[in-house]
Amino acid sequence: MIGFSDTFGSRATIIFLFICLALVQNPAFGAKTRHFKWAVESIYWSPDCVENVVIGINGQFPGPTIRALAGDTISVELTNKLNTEGVVIHWHGIRQFGTPWADGAASISQCAINPGETFVYRFKVDKAGTYFYHGHYGMQRSGGLYGSLIVDLPEGEKEPFHYDGEFNLLLSDWWHKSSQLQEVDLSSKPFRWIGEPQTLLINGRGQYNCSLAAQFINSSSSICEFRGNEPCAPQILHVHPNKTYRLRVTSTTALASLNLAIGNHKLVVVEADGNYVQPFSVDNMDIYSGESYSILFTTDQDPSKNYWISSSVRGREPKTPQALTILNYFPTSASKLPTSPPPIAPLWNDYNHSKAFSNKIHARMGSAKPPNTYDHRIILLSTQNRIDGYTKWAINNVSLVLPATPYLGSIKYGLKNAFDHKNPPEDFPSDYDVMKQAPNPNSTYGNGVYMLSFNSTVDVILQNANALAANVSDIHPWHLHGHVFWVLGYGEGKFTKEDEAKFNLKNPPLRNTAVIFPYGWTALRFVADNPGVWAFHCHIEPHLHMGMGVVFAEGVDRARKVPNEALTCGLTGKMFLNNKGH
């Protein structure tokens, strides 16, 4: 017969074991809240050795790197110290389950934070990976408002690959013209294109109109002479021989697609947008705005030499010099120039090279697979158009103009006059020839929303076409807020029903950003399981500014109460709060 004490002891043991198991399986038990206090302000900086005004955070550019463990909560108390404009921060790749108002998309998930005001972003980072953050109001990303966000595995968990050290590269492009002036250019009649960037930056550092090589040999012909740790002095990657290093790479460019290479070193891709991929080796890699990767490289070269790391423009005729820095082998001096020239990128319009790289990316074995079928399909045609003489981008002939009152609060509380409640078009005319200029280039403005059934499986077919000029079709990297999606495949020309046979349902990669190539299509699938309102847009800053985006809403009635700060802008939002007595 078992006595009371024995029974109690057994139960206590079971409870103890259950708690231990929970701690192992659920990292939230040991999760922390990580607090940050930020001031966003305009500051003088010299990103490329030319002094200019950038949008900095706490007096630095790029903004501070956030590092946390999966399951942690991030709390950022952000004060806008810009004198004349609002600001928001989008946490790119963070899905914001339960906190859609913290997504940081102005007029979609929240109001812009006015000058002098403070807003607290509080959200959970639930998945390890390489992410970043950036401004999502106007063209503030072009003005320098961005930084890295890295989420590590919880303590006790290990990555499915080995490495001895780690580096982080944030790639960006830089103009000497301010983001405000760029906005005026793009909104002018006649249209004024912003032009190619003056400089490519690596971790916010580049060299304009001077030779990087000259800096390392202190050439008297150099325009730029580094004194100490100047903001434009390149950050050298210091390595030891015969080690394996993880290189986290993110592109926050406003315009440029890039190619990255390390001279004489193979790159093994292991992560894309916070999702593990089946490892594969390449000599160089393309990376588009909004994408992030982890790559492994082994320091198996001659340790008496140093090696160039290069970043070059892809997909546009390059008028911007390479960004260069050095991989420095211990114990060789960092000032010793590599003996080999910098890696030469593929030709800017060698799209076969780019497509070959994208087609090598597959989900790691054991990753979640997509549903076999879809409930809802939306086909989105990207075109360049004119509206009243202004040059715009449009989706299914609608150029997105965001409303004054954010969608999230408007839909949650049934506000009828905040935006156009007419459903936007889900396809384009079957006789449209994507290979030619549109017979009628005129378009219209709109701010309607694609209403998705909660937990439905949604297919999106991104369809590229000819722009206004003949024989021109651009690369467009598309980013989806609040979700990851499966990239089912890419194709040439106009998408047809027969193309479904090409879909990869076995091991498609999970991403939050996907590229659509000139005159081609890209097929995506996701599950609408995150209550909120989410932007889906081209991540090229000028294209979004010119209307290249759409808005998805799902399960908004399931979202918790939307904070007043995310609703009180715009006449409709203010009237609602006044009527409710808030």
Scanning the range 50-68 for residues that are open to solvent by less than 40 Å² (accessible area, probe 1.4 Å) and touching a residue at least 24 places away in the same chain (Cβ under 8 Å) gives N52, V54, I55, G56, I57, F61, P62, G63, P64, I66, A68
Go through the residues of the range 522-542 one by one and say whether even a single one is touching a helix residue (DSSP H, G or I) at 6+ places or on another chain (Cβ under 8 Å), assigned to a loop (DSSP other than H, G, I, E, B), more than 27 Å from D185 (Cα to Cα) and not small (G, A, S). yes
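Looking only at the range 160-196, how many residues end up being of a type in the set (D, E) and closer than 21 Å to R246 by Cβ?
Of all residues in the range 160-196, those of a type in the set (D, E) come to 164, 166, 173, 183, 185, 196.
Filter once more, so that each one left must be closer than 21 Å to R246 by Cβ: 164, 166.
Matching residues across the range 160-196 total 2.
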I'd like to check something: does the range 80-91 contain any residue that is hydroxyl-bearing (S, T, Y) and buried (at least 18 other Cβ atoms within 10 Å of the Cβ)? no
Going through W193, W175 one at a time, which residue ends up being open to solvent by 80 Å² or more (accessible area, probe 1.4 Å), at pLDDT 95 or above and closer than 21 Å to P318 by Cβ? W193
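Looking at the range 563-573, can you tell me whether even one residue there is of a type in the set (D, E, K, R) and modelled with pLDDT of 95 or more?
From the range 563-573, those of a type in the set (D, E, K, R) are 565; that's our starting set.
Restricting the remaining residues to those that are modelled with pLDDT of 95 or more gives none.
No - not one qualifying residue is present in the range 563-573.
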Which condition number does G147 fail, the rest of (1) among the small types (G, A, S); (2) modelled with pLDDT under 95; (3) touching a Gly at 6+ places or on another chain (Cβ under 6 Å) being met? (2)
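Taking the range 283-311 only, how many residues are open to solvent by less than 10 Å² (accessible area, probe 1.4 Å) and either in contact with a Pro (Cβ under 7 Å, 6 or more places away or on another chain) or under 20 Å from I344 (Cα atoms) (or both)? Can you show your working first?
Initial filter on the range 283-311 (open to solvent by less than 10 Å² (accessible area, probe 1.4 Å)): 285-295, 297, 299, 306, 309-311.
Next, only the ones that are either in contact with a Pro (Cβ under 7 Å, 6 or more places away or on another chain) or under 20 Å from I344 (Cα atoms) (or both) stay: 285-291, 295, 297, 299, 306, 309-311.
The qualifying residues number 14.
List the strands (runs of 3 or more DSSP E) that sit entirely inside the range 397-500 and contain at least 3 residues that are among the aromatic types (F, W, Y) and touching a residue at least 40 places away in the same chain (Cβ under 8 Å). Reasoning before the result, please.
Values: elements: 398-400, 444-446, 450-452, 457-463, 476-480, 485-492.
Strands (runs of 3 or more DSSP E) meeting the threshold: 485-492.
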Go through the range 24-137 and tell me which strands (runs of 3 or more DSSP E), entirely inside it, have 1 or more residues that are at pLDDT 95 or above and closer than 30 Å to T325 by Cα. 33-45, 52-57, 66-69, 89-92, 129-135
Give all pairs with beta carbons closer than 6 Å in which a residue from the range 91-112 that is closer than 16 Å to K561 by Cβ meets a residue that is open to solvent by 20 Å² or more (accessible area, probe 1.4 Å) and in a helix (DSSP H, G or I); count only pairs at least 6 apart in sequence or on separate chains. S109/W101; Q110/W101
In the range 343-371, residues that are touching a residue at least 40 places away in the same chain (Cβ under 8 Å), surrounded by fewer than 19 Cβ atoms within 10 Å (Cβ to Cβ) and over 25 Å from D474 (Cβ atoms) total 7
Quick check on the range 499-549: of everything there that is polar (S, T, N, Q) and farther than 24 Å from L408 by Cβ, which residue is least open to solvent (accessible area, probe 1.4 Å)? T522
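Name the residues in the range 132-163 that are among the aromatic types (F, W, Y) and either farther than 30 Å from Q278 by Cβ or open to solvent by 10 Å² or more (accessible area, probe 1.4 Å) (or both), would you? Walk me through it before giving the result.
As a first pass, look at the range 132-163 and keep what is among the aromatic types (F, W, Y): 132-133, 137, 146, 161, 163.
Across the range 132-163, the qualifying residues are Y137, F161, Y163.
Suppose the filter is free of Cβ contacts under 8 Å to residues at least 40 places away in the same chain and under 19 Å from P509 (Cβ atoms); does V268 pass it? Give the derivation first.
Values: free of Cβ contacts under 8 Å to residues at least 40 places away in the same chain: yes; under 19 Å from P509 (Cβ atoms): yes.
Answer is yes for this residue.
Based on what the data block shows, is I150 of a type in the set (A, V, I, L, M) and either more than 30 Å from T299 (Cβ to Cβ) or assigned to a loop (DSSP other than H, G, I, E, B) (or both)? Walk me through it before giving the result.
Values: of a type in the set (A, V, I, L, M): yes; either more than 30 Å from T299 (Cβ to Cβ) or assigned to a loop (DSSP other than H, G, I, E, B) (or both): no.
Criteria not met by I150.
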Just to verify a result, which residue in the range 258-279, among those that are touching a Lys or Arg at 6+ places or on another chain (Cβ under 9 Å) and over 26 Å from R95 (Cβ atoms), is most open to solvent (accessible area, probe 1.4 Å)? N264
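Results for (1) surrounded by 16 or more Cβ atoms within 10 Å (Cβ to Cβ); (2) in contact with a Gly (Cβ under 8 Å, 6 or more places away or on another chain); (3) within 30 Å of L567 (Cβ to Cβ); (4) modelled with pLDDT under 95, shown as yes or no for each residue.
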position: L324; (1), (2), (3), (4): yes, no, no, yes
position: A334; (1), (2), (3), (4): no, no, no, yes
position: L380; (1), (2), (3), (4): yes, no, yes, no
position: N396; (1), (2), (3), (4): yes, no, yes, no
position: S410; (1), (2), (3), (4): yes, yes, yes, yes
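The values are calculated or read from the model by the stated rules, or taken from the named source; none is laboratory data. Remember, it's a predicted structure, so these values are computed and weren't measured experimentally. Glycine gets a Cβ as well: all are built from the backbone with ideal geometry, and neighbour counts include every protein chain shown. Just the protein is used for accessible areas: all its heavy atoms, side chains included, with ligands, DNA and RNA removed. Shrake-Rupley method; radii C 1.70, N 1.55, O 1.52, S 1.80 Å.
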